[in-house]
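Notes follow the structure.
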Amino acid sequence: MITTHIDGAVGTITLNHEAKRNALSERLVDAVIAALAEFTRQEVRCAVLRAASGVKVWSAGHDVSELPEGGLDPLGWRDPLRHLIRELENFPAPIIALIEGSVWGGACETVLACDLIVATPEASFAATPAKHSVPYNVSGLLTFLNAAHIHIAKEMLFTAQPIPASRLERMGIINHVAAAGEIDAFTYDMARTIAGNAPLSISVMKEQLRILAGAHTMSPQDFERIQGLRRVVYNSQDYSEGIRAFKEKRKPRFEGR
Ligand code: YXS
């Protein structure tokens, strides 16, 4: 599912399930989370999350075959994607996402939940809930909102179209764009710079920024109303049609009910 490597104080996790385009299955996510735990034990001071060099698809997003076909929240607390996002945010050192190829659906949020993003110019990012009639969850939408201006977050989420890395860099959503032949050297140079700084200060600043980024008040009534609205979506015919269409490798026909 993945390979890992530690070089000094820099750890690398490489997604390695090409057959399923690195879909974020429970098995792959569990492997990434176990690697992060090992990096913590090894006192890694900066981690790099990447796929194999030259890959066409960085990750195809949530494993659709593991999504419920209807009647259950597809992105509940214990969902592998939700678990992965929390582990990335709680990992005590910075994580740099090194992106080559296309990034889809929940993998977009995964990349945005990392602390820094370096991508090749050819890389692209497609947020896909609207493609599958998935009611994204509240903390997941906050990941997008913390990374992008609300108009860009809405463009990503409402169009579900791939957006090139070069455009996202111009908007400050991606830290750096680097050519394929240079991106490794660029990324690991930054990782070593971070790893050479004070780890306690960085770790506490990362945790403070996580708390500040998540500090939003929402009344219990608003939360319950949102959950009710989301339930209408994942109980809809459109949601079941979205999952079925993916499995039948055809374009979904949404009726708005
Ligand atoms: O047919 P086999 O068994 O060889 O498997 C195929 C695909 O079914 C499988 N695969 C996936 N399996 C589970 N979940 C996925 N997300 C997924 N994506 C792909 O991998 C094998 C090779 O796929 P194939 O033939 O399509 O590869 P390709 O190179 O022609 O095309 C690569 C992609 C990524 C353009 C294409 O696979 C694709 O469009 N995948 C789905 C991208 C997507 O819509 N992801 C969003 C998943 S849902 C999600 O993340 C959230 C719930 S949400 O939508 O709310 O954000």
*What residues qualify as long-range amide H neighbours of His17, i.e. H under 5 Å apart, gap of 5 or more or another chain, H built at 1.01 Å from N?*
Asn22
_For the chain, take the longest principal axis of its alpha carbons; what is the angle in degrees between that and the long axis of helix 220-234, to the nearest 10 within 0 to 90?_
70 degrees
*Starting with the highest mean, order 133-144, 1-12 by the number of other Cβ atoms within 10 Å, averaged over the residues of each peptide.*
133-144, 1-12
_With bins 10 Å wide starting at 0, give me the P(r) of region 191-244 over every alpha carbon pair, in whole percents._
19, 22, 19, 20, 19, 1
*Per residue, how much space in cubic angstrom lies within the convex hull of the C-alpha atoms of the chain?*
123 Å³
_Sequence-distant residues sharing a close amide H with Val57 (under 5 Å, placed H)_ = Ser102
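Using 24 Å as the Cα-Cα cut-off, could you pick out the over-long pairs in Lys20/Lys249; Lys56/Lys206; Lys56/Lys247?
Values: Lys20/Lys249 14 Å; Lys56/Lys206 31 Å; Lys56/Lys247 21 Å.
Listed pairs above 24 Å: Lys56/Lys206.
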*Once phi is turned into ³J(HN,Hα) by the Karplus curve 6.51 cos²θ - 1.76 cosθ + 1.60 with θ = phi - 60°, what whole-Hz value does each residue of region 242-249 show in order, with x for glycine and proline?*
x, 5, 4, 4, 5, 5, 8, 6
*Could you pull out every one of the aspartates and glutamates with an alpha carbon less than 17 Å from that of Lys251, ignoring same-chain neighbours closer than 8 positions?*
Glu69, Asp238, Glu241
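Among 168-178, 94-104, 215-225, how do they line up from the highest to the lowest mean number of other beta-carbon atoms within 10 Å? Spell out each step's value before the answer.
Numbers: 168-178: 17.7, 94-104: 24.5, 215-225: 9.0.
Answer by packing, highest mean first, reads 94-104, 168-178, 215-225.
I'd like the chymotrypsin sites (Phe, Trp or Tyr not before Pro) in region 30-103 restricted to DSSP loop residues with at most 16 other Cβ atoms within 10 Å, sorted by number. Could you put the intermediate results ahead of the total?
Values: sites: Phe39, Trp58, Trp77; in loops: Trp77.
Here the chymotrypsin sites (Phe, Trp or Tyr not before Pro) that fit, given the DSSP loop and packing criteria, are Trp77.
Let me know the charge dipole size of region 121-236 about its Cα centre in debye, to the nearest 20, where only the beta-carbon of Lys, Arg (+1) and Asp, Glu (-1) is charged. Mind dumping the intermediate values first?
Numbers: 10 positive and 9 negative charges, 83 e Å.
Taking the Cα centre of region 121-236 as origin, the dipole is about 400 debye.
Only Lys, Arg, Asp and Glu count, each charged at its Cβ (+1, +1, -1, -1), so figure out the dipole size of region 2-180 about its Cα centre, rounded to 20 debye. Don't jump to the answer; show the numbers that get you there.
On the way: 14 positive and 19 negative charges, 61 e Å.
Dipole about the Cα centre, nearest 20: 300 debye.
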*asked:* Report for the chain the percent antiparallel among DSSP-assigned beta bridges with both residues inside it, nearest 5.
replied: 25 percent
_Run the reach check for Lys154 against lysines, Cα to Cα strictly under 16 Å, same-chain hits fewer than 8 apart removed. What comes back?_
Lys131
*Whole-Å distance, taken between Cα centres, linking region 222-257 and region 37-108*: 23 Å
_Whole-Hz ³J(HN,Hα) from phi, Karplus 6.51 cos²θ - 1.76 cosθ + 1.60, for region 71-84, glycine and proline x_ = x, 10, 4, x, 10, x, 3, 8, 4, x, 5, 5, 5, 4
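What is the sum of charges around Ala245, taking Lys and Arg as +1, Asp and Glu as -1, for the other residues whose C-beta is under 11 Å from the C-beta of Ala245? Before the final figure, lay out each step's value.
Working: positive: Lys131, Arg244, Lys247, Lys249, Arg250, Lys251, Arg253; negative: Asp238, Glu241, Glu248.
Value of the local net charge: +4.
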*What are the trypsin sites (Lys or Arg not before Pro) within region 61-119 that DSSP puts in a loop, where the Cβ has at most 12 other Cβ atoms within 10 Å?*
Arg78
*Amide H partners (placed H, <5 Å) of Ala126, local residues excluded*: Val103, Trp104, Gly105, Ile163
*For region 146-207, build the charge dipole from Cβ charges (+1 Lys, Arg; -1 Asp, Glu) around the Cα centre, then report which of Ile183, Asn146, Pro164 sits farthest towards its positive end.*
Asn146
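Could you work out [θ]222 nm for the chain from helices alone, using -39500 (n - 2.57) per DSSP H run of at least four and dividing by all its residues? Round to the nearest 500 deg cm²/dmol. Kindly include the intermediate steps, with their values, before the conclusion.
On the way: 11 runs with 119 residues, N = 257.
Using -39500 (n - 2.57) per qualifying helix, the result is -14000 deg cm²/dmol.
None of the figures in this text is laboratory data; all of them are computed from the coordinates on show. Not measured: the values here are computed from a predicted model. Note that each Cβ is placed from the backbone with ideal geometry, even for glycine, and that neighbours are counted across all protein chains shown.
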